[in-house]
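First up is the structure itself, then whatever we jot down about it.
The values are calculated or read from the model by the stated rules, or taken from the named source; none is laboratory data. This is a predicted model, so every value here is computed, not measured. Backbone-built Cβ (ideal geometry, glycine too); neighbour counts: all protein chains shown. To get the accessible areas, we keep the full protein, side chains included, count just its heavy atoms, and leave off ligands, DNA and RNA. Shrake-Rupley method; radii C 1.70, N 1.55, O 1.52, S 1.80 Å.
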Amino acid sequence: MKKLIVSSLERDVGKTSLILGLAGSYPGKFAYLKPFGDRLVYHEKKLWDHDAQLMGSLFDLQHSPAEMSLGFDHSKIKFQYDHSTIQTTLKAMAEKYQQSNDLLIVETGRDLARGTALHLDALSICKSMGGTQVLVVGGIHDRIMDDLLFFDRHLYLQDHNFAGVILNKVKDIPEFLKEFHKELDSLKFPILGIIPYAAELSSPTVRNIAETLSAKVLTAETNLDVDVREILVGAMSADAVLRLEKFKHREKLIITSGDRSDMILAAINAECVGIVLTNNILPPPNIIALVSEKNVPLMIVQNDTFQIAKKIDMMVPLINAENPDKIDLIKKLVKENVKTELLWA
Amino acid sequence: MTTNSTPNIKALFQPESIAVIGASSSPNKIGYKILSNIVSSGYEGLIYPVNPKGGEILGCKVVTQLSDTETIPDVAVVAVPASLVFDVVKDCAHRGVKFATIISSGFSEVGNLEEERNIVKYARQYGMRILGPNIFGHYSAAVSLNATFGPKDIPTGNVAIITQSGALGVAMIGKTAVQKIGLSAIISVGNKADLDESELFDYLRDDPGTHAIFMYIEGIRNGGRLIESLKKTTRIKPVIVIKSGRSKRGAIAAASHTGSLAGSDEIFDAIMKQCGVLRAENIQEALDWCKYISTSPLPSGENTLIITNGGGVGVLATDACEKFQVSLYDDKQRLQHDYSAITHGFGSTKNPIDLTGDATVQEYTSALGTALNDENIHAVISLYCETAMMTSEGLIEMIHRQNLQYQNKNKPVIFTLFGGHVTEVAVQKLLEHRVPVYTEVYESISPLGALFRFYRYREKAEEMISDPGINVEQIQNIISTVRKDNRQFLLANEGQMLLQAIGMTGPKSKIAKSIGEAVQMANEIGYPVVMKVVSRDIIHKSDVGGVLLNLDNGDEVMDAYQTIIHNCKSYKRDAVIDGIEIVEQVPKGTEVIIGARQDENFGPVIMFGLGGIYVEVMKDVSFRALPVSSSEARLMVKEIRSFPLLLGVRGENRKDIDGIVDAIIKVGAVSRQFPEITDIEINPIMVYDKGSGVKAIDVRVLLSKSERND
């Protein structure tokens, strides 16, 4: 069984999306592992990784998502394993998957160093499990080049089984290639693909936001898989907000306090896709009923408006099985832009 | 010379002499109007107008300075500009005046709090008390003293008014006159810099001329003292209150459910009920109650009979009786026996007794007389719809006579008359004689309802309240530990220790600092367990995913541990997490909440409600000021709308209400004995079937910033 270890120097470069796209183009049967989980899903007293759940549900994988990770927290993994048992466990997992799959895709921690103390960082996993490493870099042009050249100059090892690099979320590819062609040509390893930036994949859904904020959803629980393209803090008067150009956009989410009935009414009249109520203040029942009637998700959180705006600003949109359009787009982008044949060879 | 003694409040209401500082000869000046009112009201004490110009005003010799008065005035009315008030107060204090009533405004009501405080401080050093500032004065019928700048003629009667609003007070003098409500006293308290309602009650409670007290209040200075004073007063005479600002919620940090639910008005309302005070919705209702209650005898029981000549109005009255909690006499056989001779063939002997439209004066007289002499009937509502069967004179004479007979026999009666000219003439005449007549059913039965509420409160036996035994030393030790740690809240284990100190049982619990400890402790406690974050940065643990339930094995404990840490860090990245509490998961019962807090106005208050959504969404809670007796605690439990759930509905067993009452009293004792505990809230308390007790599942305790200074 071939093993593909997908890692990145930095967090949030789109490893999971890329794996999803690669898996979509893989002709055979594959299994997925994320030894050091970081996107927790707690359901019915069990914990698993969101990415493992996504891969499992999209590709009908044989094993449960809870089996695809060793843990999420250093203390938990330390409590259950030591260096040697981690290695034997990873090997055992690989052997188990080997029986019915011909490819094992392993997603490493959020950045290259993550999990080092537990021997669960990308390079340690490569050593423990064997397999071919693929590095993903992404973001603005300069960040991509920093990562590529840093890896090339300081980390790349000739004897290491390294397949190459995939550049993800690259804005204006022709311009990028023009600007950095010399540096790219000088790299000691191949570039397996350059995937263009797709704005559609950068918009969180209302569900992403609700989960990130640990919000209680008060209304329209079935209407959470809608993209959010604009986020407004409703701190001004309803009159003022109605005059804002951004307020006229579709697919907007409003952050306001539960005692701002005027703002909530303005938001539902302006067809917003969700309302986040801060400071745990419930609006009057008639307002909740009205929002429910309009099928707009109303979410209540403990934090104040500043903290919530900050959290949303920092959040990374996650792909869910409920977003088929996004999933199709990812598969298409990978298929068109990554030399997958080099990976499967 | 300074003194710490406090003058008897009687000297304010019955002064032997009064000085008016700032008395003026100009009729447009307040100093003139007050002096004029004092002179014309028939006050027989010595009057000293004080004005540097000297001379004579309204026949009174003016003294140029206070020190020139022949005797030391009991009361000095201060009507000078605000800038001169402090000097005048100093003069009054040096002269030995007992009470200074400061009419002048320009103090705390406009932000000038410091000078107001200084005035009071100075006066108190000399044993002088201050009424006001920012008042229109006071009136006392006992000595015919009208020391206000309000209307000249105040009808004498037996209602005393205490008002915080000057303008409303002046208007009420006029309003009560129009409504034929005589006053025994009216006192404007204004900014309440020194004297407040509580001390005025000390006089009015024992004043034989006062039968009812009406208080208009905007804000409370010393709630604890007011409660004490009200409780004493309402045992003797009715107190009716109007408080403005019903809708305004107190500025209370929502650090606990108790805090967030304790809007100032909810607490005020609950405490007024607890003190037996009758709270009216509006001024008209309050005046209607005053008019009736101040003149009516108290009932000796709860049976009320309605006598009417119209079926429709009788039904309306029945509805009104239900609304205002007036119980109707229900012995149908006896009523038929007594009233069948008076009612016509198509009338009714059921309560309401319907004499039908052709009822005459004689038939009304007979029916009212029968009810008066029936010891089983304790109050009567007499309704009359105008017909051609009675003249104004006949009606007036009959009602007047019946009212007297009822008064003489100490049985409450109330008359409601509907109709045109004949009725209107009768109503006006009867009102002049202060007969309790009304022109609308609800308007008339509302005061009777208020009278019954007062009656019920008086009938309730006064209970001695003693705090239950709690381990004061242990609680003090817990607080000391928290103080040393520079915290203002108790951690989970400290909360559990506090529960033990007050004799409440909770589930077994331990605090794990690592995932290994968590698994070990859960194994020791036994499954299933609950896990809760212990963090100084997270108060509402459940709301941030800091509590996970029903964990059945070590794997679930490990997953829960990681999840709680993740959730709490997501809520607050830099949250200090002191550990995860592993708690025995107790069997499900009915969840209730008990919370106590130090209210800004009333001191320690306690809240009870059903837990879960009932407290969060329905806000189905009851409040009391502490201390509470066990019967008061039981009333708190009964008062919530969802009380039937505790009684057992749909096959459920009755819950352990005694256990809840016991917990209320214990939590109350902690709040009372430890004023530095600003909030203590046990939520949820699991209540089991009757006799099976209660278990405190979670407790949250907050301390004040500074150490206890009681």
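General observations
- Evaluated on the protein assembly as shown, the Kirkwood hydrodynamic radius is 35.4 Å, with distances taken between all distinct Cα atoms.
- Across all Cα pairs in chain A, the calculated P(r) in 10 Å bins from zero up to the longest distance comes to 5, 23, 28, 23, 15, 6, 0 percent per bin.
- Residue A:345-residue A:216 pseudo-label distance in nm [points 7 Å out on the Cα-to-Cβ vector]: 5.8 nm
- Summed over qualifying helices (DSSP H, 4 residues or more, each -39500 (n - 2.57)) and divided by its residue number, chain A shows a 222 nm mean residue ellipticity of -11500 deg cm²/dmol.
- The length gained on full extension between residue A:43 and residue A:143, counted as 0.36 nm times the residue separation minus their Cα-Cα distance, comes to 32.3 nm.
- When the protein assembly as shown is described by a simple charge dipole with +1 on each Lys and Arg Cβ and -1 on each Asp and Glu Cβ, the residue from A:1, B:50, B:446 located farthest towards its positive end is B:50.
- Calculated log₁₀ intensity ratio I(q)/I(0) where the Debye formula runs over C-alpha points of segment A:204-314, q = 0.11, 0.12, 0.13, 0.15 Å⁻¹: -0.27, -0.32, -0.38, -0.52
- With helices as the sole contributors, chain B gives -11500 deg cm²/dmol at 222 nm; each DSSP H run of n ≥ 4 counts as -39500 (n - 2.57), and the sum is divided by every residue.
- Loop-resident trypsin sites (Lys or Arg not before Pro) (DSSP state other than H, G, I, E or B) in segment A:236-345 with no more than 12 further Cβ atoms inside 10 Å of their Cβ: A:250.
- Mean Cα-pair separation over length for chain A, i.e. relative contact order, pairs under 8 Å, 6 or more apart, %: 18 percent
- Take the accessible area of A alone and of B alone, subtract that of the pair with a 1.4 Å probe, and the total buried over both chains is about 1900 Å².
- Longest to shortest principal axis, alpha-carbon extents of chain B, angstrom: 92, 81, 39
- Relative contact order of segment B:46-103, defined on C-alpha pairs under 8 angstrom at six or more residues apart (%): 30 percent
- Leading residue at positive end of dipole, chain A (Cβ point charges), from A:37, A:164, A:84: A:84
- Of all DSSP-defined beta bridges confined to the protein assembly as shown, some 40% are antiparallel rather than parallel.
- Each DSSP beta bridge with both residues in chain A is either parallel or antiparallel, and the antiparallel ones are about 20%.
- Each residue of segment B:294-305 was assigned a 3J(HN,Hα) from its phi angle through the Karplus expression (A = 6.51, B = -1.76, C = 1.60, θ = phi - 60°), giving 6, 10, 7, x, 7, x, 10, x, 10, 7, 10, 10 Hz with x at Gly and Pro.
- Isotropically averaged projected area of segment B:590-703, using the convex hull of Cα atoms (one quarter of hull area), nm²: 6.6 nm²
- Placing +1 on the Cβ of every Lys and Arg and -1 on the Cβ of every Asp and Glu, with no other charges, gives segment B:296-459 a dipole of roughly 440 debye about its Cα centre.
- Given A:91/B:572; B:175/B:243; A:248/A:332; B:508/B:666; B:53/B:175, the pairs whose alpha carbons are separated by over 27 Å: A:91/B:572; A:248/A:332; B:53/B:175
- Segment B:203-214 - phi-based ³J(HN,Hα) in whole Hz, Karplus 6.51/-1.76/1.60, Gly and Pro as x: 7, 5, 4, 9, 6, x, x, 9, 9, 8, 10, 10
- Taking each of A:216/B:541; B:323/B:409; A:188/A:331; B:484/B:532; A:2/A:96 in turn, the alpha-carbon distance tops 18 angstrom for B:323/B:409; A:188/A:331; B:484/B:532.
- DSSP bridge analysis restricted to chain B gives an antiparallel fraction near 50%, rounded to the nearest 5.
- Taking trypsin sites (Lys or Arg not before Pro) across segment B:626-684, the ones in a DSSP loop with at most 14 further Cβ atoms lying within 10 angstrom of their Cβ are B:641, B:650, B:654.
- Segment A:311-327 and segment B:637-687 have their alpha-carbon centroids 46 Å apart.
- Charged side chains reduced to their Cβ positions (Lys and Arg at +1, Asp and Glu at -1) give the protein assembly as shown a dipole of some 940 debye around its Cα centre.
- Loop-located trypsin sites (Lys or Arg not before Pro) in segment B:45-119, at most 14 other Cβ atoms within 10 Å (DSSP): B:53
- Across segment B:384-480, Cα-Cα distances exceeding 17 Å account for 64% of all pairs.
- Under-5 Å amide H pairs with residue B:101, H placed in peptide plane, nonlocal only: B:76, B:77, B:78, B:131
- The gain in end-to-end length when the residue B:508 to residue B:542 segment is fully stretched comes to 10.3 nm, 0.36 nm per residue minus the alpha carbon separation.
- Amide proton proximity set for residue B:591, modelled H, under 5 Å, gap of 5+: B:611, B:687
- Between residue B:279 and B:241, the built amide H atoms are under 5 Å apart, and every one of these is 5 or more places off in sequence or on another chain.
- Each Lys and Arg Cβ is given +1 and each Asp and Glu Cβ -1; about its Cα centre, segment B:397-445 then shows a dipole of about 320 debye.
- Cross-link partners of residue B:705 among aspartates and glutamates, defined as those whose alpha carbon lies under 20 angstrom from its own and excluding same-chain residues fewer than eight positions apart: B:485, B:494, B:537, B:599, B:600, B:676, B:679, B:681.
- Backbone HN-Hα couplings from phi across segment B:586-596 [Karplus 6.51/-1.76/1.60, Hz, Gly and Pro as x]: 7, x, 5, x, 8, 8, 10, 10, 10, x, 10
- Working from Cα pairs under 8 Å separated by at least six residues, relative contact order for chain B is 8 percent.
- Kirkwood hydrodynamic radius (C-alpha pairs) into Stokes-Einstein, segment A:1-112, 10 °C and 1.306 mPa s, D in µm²/s: 111 µm²/s
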